[in-house]
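The values are calculated or read from the model by the stated rules, or taken from the named source; none is laboratory data. Please read these numbers as outputs of a predicted model, since none were measured by experiment. Just the protein is used for accessible areas: all its heavy atoms, side chains included, with ligands, DNA and RNA removed. Shrake-Rupley method; radii C 1.70, N 1.55, O 1.52, S 1.80 Å.
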Amino acid sequence: MTFKEKVKELLEQGLAEYPSLFLIDLNINDANKIIITLDGDNGVQLQDCINISRAIDNNLDREEVDFALEVASAGVSLPLKLVRQYKKNIGRTLKIKTASQTIEALLLEVSDEDITVEWSSREPKKIGKGKETVVHNEKIAYADIQEAIVIIIF
């Protein structure tokens with residue numbers, strides 16, 4: 001078993017003990033620096049990172065392979081990648097980029113194929129002068145989303 005396979009196996013075992021956590025990214029470079037990015041259905045606490053780090057670090061032998069290990073939570077500035085991340089952010093505002101538009105919209109629903117969002121915009125009146133507020137409700141397929149980031153509103 002290679003070093004990378006061993007790390008993946010230990011990570012899977014560690015995550016199995018904490019079912020609310022899920023993997024966003026695993027990167028192991030040529031210098032054996034392991035970078036793990038996690039997210040959780042209820043967020044990620046410092047103790048969660050420590051637990052996953054220990055599950056890997058305590059089961060690898062540094063005498064055999066020298067490595068560095070970094071376990072972190074997915075920050076708010078990182079784009080959403082998984083359906084599970086979208087589900088945990090229902091009711092929050094997202095900045096969504098597609099090939100044709102960039103919008104800030106409220107995430108209403110999530111399915112396995114797409115998301116439903118709602119946003120308002122000021123548009124020219126159909127009759128007469130001036131503008132009116134128009135509410136848009138749209139389904140966007142994951143395949144059409146180039147980037148989606150949670151907007152933090154204070």
Taking only protein heavy atoms and a 1.4 Å probe, what accessible area per residue, in Å², does the chain have with all protein chains in place?
63
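Only helical DSSP H runs with n ≥ 4 go in: add -39500 (n - 2.57) per run for the chain, normalise by residue count and round the 222 nm mean residue ellipticity to 500 deg cm²/dmol.
When only DSSP H runs of four or more count, the value is -6500 deg cm²/dmol.
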Quick one: with all protein chains in place, what share of the accessible area of the range 98-154 is carbon or sulfur, to the nearest percent (1.4 Å probe)?
51
Rounded to the nearest 10 degrees, the helix 3-17 long axis (Cα) sits at an angle to the longest Cα principal axis of the chain of 70
Might you work out the accessible area of ARG122 for me, using a 1.4 Å probe with all protein chains in place, and round it to the nearest 10 Å²?
140
Quick one: angle between helix 46-57 and the longest Cα principal axis of the chain, in degrees between 0 and 90, rounded to 10, please.
40
